[in-house]
Each structure stands twice: as C-alpha cells, then as structure tokens.
1. Listed residues C69, C29; which is of a type outside the set (K, R) and under 23 Å from R134 (Cβ atoms)?
2. Please go through the stretch 145-158 and give me each residue that is in a strand (DSSP E or B) and at pLDDT below 95, ordered by number.
3. Pick from the stretch 132-167 the residues that are of a type in the set (D, E) and over 17 Å from S121 (Cα atoms): which of them is farthest from the chain's Cα centre (by Cα)?
4. For the stretch 8-22, check the following and say yes or no: at least one residue is closer than 28 Å to Q102 by Cβ, in a helix (DSSP H, G or I) and hydroxyl-bearing (S, T, Y).
5. Test of understanding: among G91, G103, which residue is modelled with pLDDT of 95 or more, under 25 Å from Y54 (Cα atoms) and surrounded by fewer than 16 Cβ atoms within 10 Å (Cβ to Cβ)?
6. What's the number of the only condition in (1) closer than 18 Å to F89 by Cα; (2) among the polar types (S, T, N, Q); (3) at pLDDT below 95 that S120 fails to meet?
7. Pick from the stretch 51-88 the residues that are in a strand (DSSP E or B) and among the hydrophobic types (A, V, I, L, M, F, W, C): which of them is surrounded by the fewest Cβ atoms within 10 Å (Cβ to Cβ)?
8. Can you pull out the residues in the stretch 30-42 that are touching a residue at least 24 places away in the same chain (Cβ under 8 Å) and surrounded by fewer than 18 Cβ atoms within 10 Å (Cβ to Cβ)?
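The values are calculated or read from the model by the stated rules, or taken from the named source; none is laboratory data. Please read all numbers here as calculations on a predicted model, not as lab measurements. All Cβ positions, even for glycine, are placed from backbone atoms using ideal geometry, and neighbour counts span all protein chains on display.
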Amino acid sequence: MELLIVNNTSPFVNDIVRIVNDLGISFKCKLYSEINIEELSSYRSIILSGRRNYNRATNVKNNKIIEYCNGSDLPLLGICYGAELINLFFGGSLIKLKNNIQGVVKITSINDNIFLPYKSSIHAYQSHRYAIYRLSSHLELLCSSTESKHEVFKHKERNIFGVQFHPEKSGIEGKSIINSFLKLAR
C-alpha cells in the first residue's frame, strides 16, 4: 500500500514529489484525470495538490476522491485548492480575494494538532486567490494567520485535513507537516 499524490496541475506538485521521495515513502503521482475511483482502496493515504486554473473536470474528480475518503476513512490531505474543495464538499464556503495572496506568512496553531503544538507558529508560503470564508461545521480549525483565518483544519471524525498554504514550498517546517500527515497511514 502506498500514497497517492493527485496532480491537479499545480506548479508545485514536483515539490510534493521531492519531499515524499526524501521521506522514503512509496507513492504514485497521477494526474487527476488518470485516477480510477475503484482503485483508491489500494492506497494508504492521499494528497490533493493545488491547481493552476479552474477546470470543472478537476472539481468533479476531486469531489469523488473526497467522498471516497470520507466513506472509507482513508487519510486525506488537501493542499490549497485541495483544502478549499474539502471545505466546500462538507458545506463550507469560499471567497474570491481582491488581490492574490503570494508570499510567506506566519501561521499560528490555535488548537493542539498533529502538525503544530498549541500556540506554536511557523512561516509558510501562500499562493492563492480564493480563501475559506466559512469553515464547515464538520471541520475543526487548527491554525490561523493574519492573511487567512482558516489556514489548517481537520475533519472532526475522520483523518481528513486541509492546509490553505503550500507546505511543499515552506522548507523544513512544511516537510515536517507532510511527514506528520503521512505518519497517520504508517
């Protein structure tokens, strides 16, 4: 059993692959359109990458993946777009920002979690034009920043997580976040 990295055409997907390789984790990276939902049971965990452009087919496929993970409790991590889509799937909402957020921001833990101890903080890279406006009632807020209130969240009953920022572009601290998620499936 291995990790599945869903490539949603993010310019940063190679950074996710590099980190997972560095961690020595067995994985497959597949373009969203190549994924067969019936084969998801052969994976130990899934990471949904960000995306470059809007594409309805990407949304449809990712929603099916989220639905599968929710029904099977397969660990899932959504990065940027992946996190936004998880929030939408569970009934939350998004807002289009007046200006794109791009650059490094300070993210602070507001609840103890697998990524960061309570009240600790890291600096992480952001690159997005949408943000979570209302977090779903099925999700618990874990970390916040001045740029985005809903930086990190977890499903209240499942191993489903979302990060608004890009851990794959956030140095050693970002690598640690991806590793912490992957420990769930080991």
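1. C69
2. S145 - this is the single residue of the stretch 145-158 that is in a strand (DSSP E or B) and at pLDDT below 95.
3. The extreme case among them is E157.
4. No, the stretch 8-22 contains no residue that is closer than 28 Å to Q102 by Cβ, in a helix (DSSP H, G or I) and hydroxyl-bearing (S, T, Y).
5. G91
6. So the condition that S120 fails would be (1).
7. Among those that are in a strand (DSSP E or B) and among the hydrophobic types (A, V, I, L, M, F, W, C), it is L76.
8. Residues satisfying the conditions are K30, L31, S33, I37, L40, S41, S42.
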